[in-house]
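Notes for the one structure printed next.
Nothing in this text is a laboratory measurement; each read-out follows from the coordinates by a stated rule. The structure presented is a predicted model; accordingly, all values stated were derived computationally and were not measured. FYI the Cβ positions are ideal-geometry reconstructions off the backbone, even for glycines, and counts take in every protein chain you see.
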Amino acid sequence: MTGRVGKTRNIFLVWLIWPLITLGIYHLVWYYKVNREARDFDERIDVRPGMAVVAIALGWILIVPPFISVYNTGDRIARMQRAAGMTPTCNPWIGLVLVFVFSLHSLYYQQELNRIWTLYGNRPEGEHVSLAV
């Protein structure tokens, strides 16, 4: 089974700098890309990246959807780590708690994703790689 590698990103740019410069728009773009990378990396991960973004962007009206989406994204990253042959270190509960601490979930999740891409030698985004599982 093969999957496509995602992009290694600077965790501080993802968490603080780009969202400040773009007035929060970058966070939505990043969230879409992270969920798309999960889908492209392992076809067994079922996610609709657009719906994940809608959940965090508009879901606040109903209160619960953003928290479910953040938790599910953390779970997807853990599944990606398993598919890469790593011991999963991404904990969706930690990501959920970090939402309430200066929105540090994006920093945490990107760090966990970068661990996967480093395992594959930081190959160019979109390159096909073999999955361990």
- [ ] Evaluate the following for residue 28: is it part of a loop (DSSP other than H, G, I, E, B) and either surrounded by fewer than 19 Cβ atoms within 10 Å (Cβ to Cβ) or over 13 Å from the mean Cα position of the chain (by Cα) (or both)?
- [x] no
Open item on the list: Take residue 97 and tell me if it is within 11 Å of the chain's Cα centre (by Cα), within 26 Å of residue 58 (Cβ to Cβ) and hydrophobic (A, V, I, L, M, F, W, C).
Closed with: no
Open item on the list: With the condition being free of Cβ contacts under 8 Å to residues at least 60 places away in the same chain, buried (at least 16 other Cβ atoms within 10 Å of the Cβ) and of a type in the set (S, T, N, Q), I'd like the helices (runs of 4 or more DSSP H) fully within segment 54-133 carrying at least 1 qualifying residues.
Closed with: 65-83
